[in-house]
Amino acid sequence: MGGFTINKLKTIVICVTVLLVMIISFTFFEYILLKILGLQYDTMGSLLFFFVIYTFLEIPLSLITRAIPRALKSTGILKTSKGLVPIILNTGFTFILIKLIDTFMDSIAISWKGAMLFALITALTHWLLEEKSEEPPMADSEEFKRIEEKIISKK
């Protein structure tokens with residue numbers, strides 16, 4: 001294994017910076033949308049804490065809401081992983097997440113209508129962004145078998 005070089009450090013710093021800029025940008029637009037939809041907060045610290053919790057919980061929820069329709073499509077239960085199911089899952093999970101945070105943080109308040117509109121808007125945005133992604137292969141397809149063989153051969 002090679003040592004830790006300045007080039008590796010530069011690469012790490014650039015990647016972390018790009019990631020932070022993306023997260024801050026999305027958070028800013030989410031803040032504006034939530035503020036329009038009625039988000040109220042006592043202090044800037046409580047708002048920051050709200051978004052830290054929301055961001056760290058929303059990332060795994062997004063992975064789950066993306067994985068479930070793909071798995072159901074691969075097994076043949078769904079015809080497509082891009083239909084109504086991802087929108088419903090994303091809307092539901094986001095709404096529940098926002099309302100849970102709202103419930104446990106006294107310094108944050110948003111109406112259920114505002115939370116539902118926010119959840120629906122973010123779900124539709126995710127759906128539009130996913131529209132161009134490829135569908136997963138069916139479990140009994142040749143493509144799936146090739147992928148499976150590739151994974152098995154690496155072990």
*more than 26 Å from Ile24 (Cβ to Cβ), in a helix (DSSP H, G or I) and open to solvent by less than 40 Å² (accessible area, probe 1.4 Å), is that true of Gly92?*
yes
*Set Thr125, Thr80, Thr75: member being polar (S, T, N, Q), open to solvent by 40 Å² or more (accessible area, probe 1.4 Å), in contact with an Asp or Glu (Cβ under 8 Å, 6 or more places away or on another chain) and modelled with pLDDT under 95*: Thr80
_Can you go through Leu97, Leu89, Leu61, Leu120 and tell me which one is within 27 Å of Leu20 (Cβ to Cβ) and touching a Ser or Thr at 6+ places or on another chain (Cβ under 9 Å)?_
Leu61
*Among (1) in contact with a helix residue (DSSP H, G or I) (Cβ under 6 Å, 6 or more places away or on another chain); (2) among the polar types (S, T, N, Q); (3) closer than 15 Å to Ser81 by Cα, which single condition is Ser133 missing?*
(1)
*Please enumerate the residues belonging to segment 84-113 that are out of contact with any Phe, Trp or Tyr (no Cβ under 8 Å at 6 or more places or on another chain) and hydroxyl-bearing (Ser, Thr, Tyr).*
Thr91, Thr103, Ser111
*Which ones in segment 11-66 are without any contact (Cβ under 8 Å) to a residue 12 or more places away in the chain, more than 20 Å from the chain's Cα centre (by Cα) and either farther than 18 Å from Leu117 by Cα or not in a helix (DSSP H, G or I) (or both)?*
Thr11, Ile12, Val13, Ile14, Met44, Gly45
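Criterion first (within 19 Å of the chain's Cα centre (by Cα) and either on the phi > 0 side of the Ramachandran plot or charged (D, E, K, R) (or both)) does Lys99 satisfy it? It would help to see each step written out before you state the result.
Numbers: within 19 Å of the chain's Cα centre (by Cα): yes; either on the phi > 0 side of the Ramachandran plot or charged (D, E, K, R) (or both): yes.
Against the criterion (within 19 Å of the chain's Cα centre (by Cα) and either on the phi > 0 side of the Ramachandran plot or charged (D, E, K, R) (or both)), Lys99 qualifies.
Checking the conditions here, which among Tyr31, Tyr54, Tyr41 is of a type in the set (Phe, Trp, Tyr) and in contact with a strand residue (DSSP E or B) (Cβ under 8 Å, 6 or more places away or on another chain)?
Residue meeting the stated conditions: Tyr41.
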*Report yes if Tyr41 is of a type in the set (Phe, Trp, Tyr) and in contact with a Leu (Cβ under 7 Å, 6 or more places away or on another chain), otherwise no.*
yes
*Which numbered condition Met116 misses (of (1) open to solvent by 60 Å² or more (accessible area, probe 1.4 Å); (2) in a helix (DSSP H, G or I); (3) at pLDDT below 95)*: (3)
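Would you call Asp102 modelled with pLDDT of 80 or more, among the acidic types (Asp, Glu) and either open to solvent by 80 Å² or more (accessible area, probe 1.4 Å) or in a helix (DSSP H, G or I) (or both)?
Values: modelled with pLDDT of 80 or more: yes; among the acidic types (Asp, Glu): yes; either open to solvent by 80 Å² or more (accessible area, probe 1.4 Å) or in a helix (DSSP H, G or I) (or both): yes.
Taking the combined requirement at face value, the residue satisfies it.
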*Could you list all residues from segment 36-69 that are open to solvent by 60 Å² or more (accessible area, probe 1.4 Å), of a type in the set (D, E, K, R) and within 30 Å of Pro137 (Cβ to Cβ)?*
Arg66
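The values are calculated or read from the model by the stated rules, or taken from the named source; none is laboratory data. Fair warning: this is a prediction, and the values are worked out from it, not measured in the lab. Don't worry about glycine lacking a Cβ; one is built from the backbone with ideal geometry, like all the others, and counts go over all protein chains shown. When the accessible area is computed, the model is the full protein with side chains, heavy atoms only, and any ligands, DNA or RNA have been set aside. Shrake-Rupley method; radii C 1.70, N 1.55, O 1.52, S 1.80 Å.
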